[in-house]
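The values are calculated or read from the model by the stated rules, or taken from the named source; none is laboratory data. In this text the structure is predicted, and so the values were computed from the model without any measurement. Here the Cβ positions follow ideal geometry from the backbone for every residue, glycine too, while neighbour counts run over all protein chains shown.
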Amino acid sequence: MTIPLQARGVRRTFRRPWRRIPVVAIAEATFELEESEIACLIGPDGAGKSTLLSLAAGRLRPDAGSMRIDGQPAHTAGARRAVGLAPRDPAFPPGLRVRDVLSYGARCHAGGRQRRAAVDEALDMAGLPSLAGRMATALSLPDARRLLLALASLGAPRVVLLDEPFAGLDAVTRRDLGARLQRLAASGVTVLLSSSDPIGLECLVDTVLVLRAGRLTQVAPAAALLGGRVLEVVLDAPPREPPPGFRVTAAGLETDLGPLSAEAALATCRAHRLAVRGSRVRFKTMEEAAFDAADVLAR
């Protein structure tokens with residue numbers, strides 16, 4: 001079976017009229033995503049996430065390297081039929097209801113009864129049957145994002161790409177949308193989403209791809225990337241200056257343990273005459289992984 005999504009040494013630049021040197025949006029990207037895999041592309045704004053998704057969707061062509069969907073170059077007609085894309089900003093034609101928007105999108109994939117069946121299936125998958133008759137431009141942001149997901153799922157794609165699908169959503173809506181993505185992946189679809197604010201995605205994604213200044217620096221299972229241990233220390237009073245390797249928090253201090261034991265890190269606190277009231281060890285979150293990428297970019 002062919003790999004649903006494969007990138008090999010992908011590079012993409014953009015020329016600006018006022019600059020002699022092209023702007024490098026993607027400096028290097030190499031990765032593979034398997035069937036039913038959910039991957040999250042993280043990094044700060046401007047890292048190149050939207051550009052990489054556009055390359056995977058066939059909207060842009062790489063200057064070097066190759067991007068393939070189901071074994072075909074991403075820009076070819078066959079590959080583009082196998083991809084569904086949900087852009088970052090919801091925008092729908094005025095005067096069209098939710099069902100009309102989906103019916104128009106389904107014209108590329110089926111006709112007659114098959115089209116109606118595809119629309120009904122997309123409505124059910126996204127949780128929109130009760131809103132089928134509502135004007136698309138009048139939808140709330142959560143419902144508009146669900147409509148984007150429904151559009152991306154039309155035509156039984158092998159790969160679904162979502163640009164910042166959780167932006168602006170509350171925790172309850174994020175969880176609901178995440179559950180829908182998991183069901184979509186369970187049906188055999190490969191999902192690649194981007195996020196600059198990946199709070200709460202630890203239990204959703206299988207693989208994390210970290211973009212730093214256009215360079216894909218890490219592709220790792222989520223469990224491995226987020227497996228780093230963090231020691232949180234509660235103090236009776238805020239420290240005048242944190243010990244080396246520690247960060248000041250609202251409750252006291254925290255540090256990445258790495259190979260150190262929690263006892264050794266706590267001994268460092270006591271050596272600096274800090275009154276430790278309590279402590280706990282936790283694993284890194286997706287949000288912290290994104291902040292790590294932002295820190296490297298700023299250096």
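Output the residues belonging to segment 227-272 that are out of contact with any Ser or Thr (no Cβ under 8 Å at 6 or more places or on another chain) and among the acidic types (Asp, Glu).
Residues satisfying the conditions are Asp236, Glu241, Glu254, Asp256, Glu263.
If we keep just the residues of segment 249-264 that are under 14 Å from Ser279 (Cα atoms) and of a type in the set (A, V, I, L, M, F, W, C), which is surrounded by the fewest Cβ atoms within 10 Å (Cβ to Cβ)? Please lay out each step first, then the result.
First pass over segment 249-264, keeping only residues under 14 Å from Ser279 (Cα atoms): 249-257, 261-264.
Add one more test, that the residue is of a type in the set (A, V, I, L, M, F, W, C), and what stays is 250-251, 253, 257, 262, 264.
On the way: Ala250: 5, Ala251: 13, Leu253: 25, Leu257: 16, Ala262: 15, Ala264: 11.
That would be Ala250.
So is Leu96 under 20 Å from the mean Cα position of the chain (by Cα) and surrounded by fewer than 22 Cβ atoms within 10 Å (Cβ to Cβ) or not?
Spelling it out, it is not the case that Leu96 is under 20 Å from the mean Cα position of the chain (by Cα) and surrounded by fewer than 22 Cβ atoms within 10 Å (Cβ to Cβ).
Just name the residue that is nearest to the chain's Cα centre (by Cα) out of those in segment 133-154 that are small (Gly, Ala, Ser) and buried (at least 20 other Cβ atoms within 10 Å of the Cβ).
That would be Ala152.
Does Ala144 meet the test of being within 21 Å of Asp120 (Cβ to Cβ) and free of Cβ contacts under 8 Å to residues at least 60 places away in the same chain?
yes
Quick check on segment 89-104. Is at least one of its residues touching a strand residue (DSSP E or B) at 6+ places or on another chain (Cβ under 6 Å) and hydrophobic (A, V, I, L, M, F, W, C)?
no
Going through Ala91, Ala86 one at a time, which residue ends up being modelled with pLDDT under 95 and either among the aliphatic types (A, V, I, L, M) or crowded, with 20+ Cβ neighbours inside 10 Å (or both)?
From the options Ala91, Ala86, the qualifying one is Ala91.
Restricting segment 56-73 to residues that are in contact with a Leu (Cβ under 9 Å, 6 or more places away or on another chain) and assigned to a strand (DSSP E or B), which is surrounded by the most Cβ atoms within 10 Å (Cβ to Cβ)?
Once the filter is applied, the top-ranked residue is Ile69.
Select from segment 127-141 the residues that are touching a helix residue (DSSP H, G or I) at 6+ places or on another chain (Cβ under 9 Å), of a type in the set (A, V, I, L, M, F, W, C) and either farther than 21 Å from Pro94 by Cβ or free of Cβ contacts under 8 Å to residues at least 40 places away in the same chain (or both) and list them in ascending order.
Correct list: Leu128, Leu131, Ala132.
Residues being in a helix (DSSP H, G or I), in contact with a strand residue (DSSP E or B) (Cβ under 8 Å, 6 or more places away or on another chain) and surrounded by 13 or more Cβ atoms within 10 Å (Cβ to Cβ): count how many of those fall in segment 265-277. Break it down into steps so the answer makes sense when it comes.
Step one: filter segment 265-277 for residues in a helix (DSSP H, G or I), giving 265-271.
When the remaining residues are screened for being in contact with a strand residue (DSSP E or B) (Cβ under 8 Å, 6 or more places away or on another chain), the result is 265-266, 269-270.
Still in the running and surrounded by 13 or more Cβ atoms within 10 Å (Cβ to Cβ): 265-266, 269.
Adding up the residues that qualify gives 3.
Among the residues of segment 218-241, write down those that are touching a residue at least 24 places away in the same chain (Cβ under 8 Å), surrounded by fewer than 20 Cβ atoms within 10 Å (Cβ to Cβ) and within 22 Å of Ser50 (Cβ to Cβ).
Selection gives Val219 alone.
Against the condition more than 17 Å from Ile38 (Cα to Cα), exposed (fewer than 13 other Cβ atoms within 10 Å of the Cβ) and polar (S, T, N, Q), how does Ser130 come out, does it pass?
yes
Restricting to segment 28-42, and then to whatever is touching a Ser or Thr at 6+ places or on another chain (Cβ under 9 Å) and assigned to a loop (DSSP other than H, G, I, E, B), can you tell me which residue is farthest from Glu288 (Cα to Cα)?
The selected residue is Glu35.
One residue is enough: does segment 155-175 have a residue meeting the conditions touching a residue at least 24 places away in the same chain (Cβ under 8 Å), touching a helix residue (DSSP H, G or I) at 6+ places or on another chain (Cβ under 9 Å), among the hydroxyl-bearing types (Ser, Thr, Tyr) and buried (at least 21 other Cβ atoms within 10 Å of the Cβ)?
no
Taking Ala27 as meeting all but one of (1) of a type outside the set (Asp, Glu); (2) farther than 29 Å from Ala223 by Cβ; (3) touching a residue at least 60 places away in the same chain (Cβ under 8 Å), write down the number of the exception.
Here Ala27 meets the rest and fails (2).
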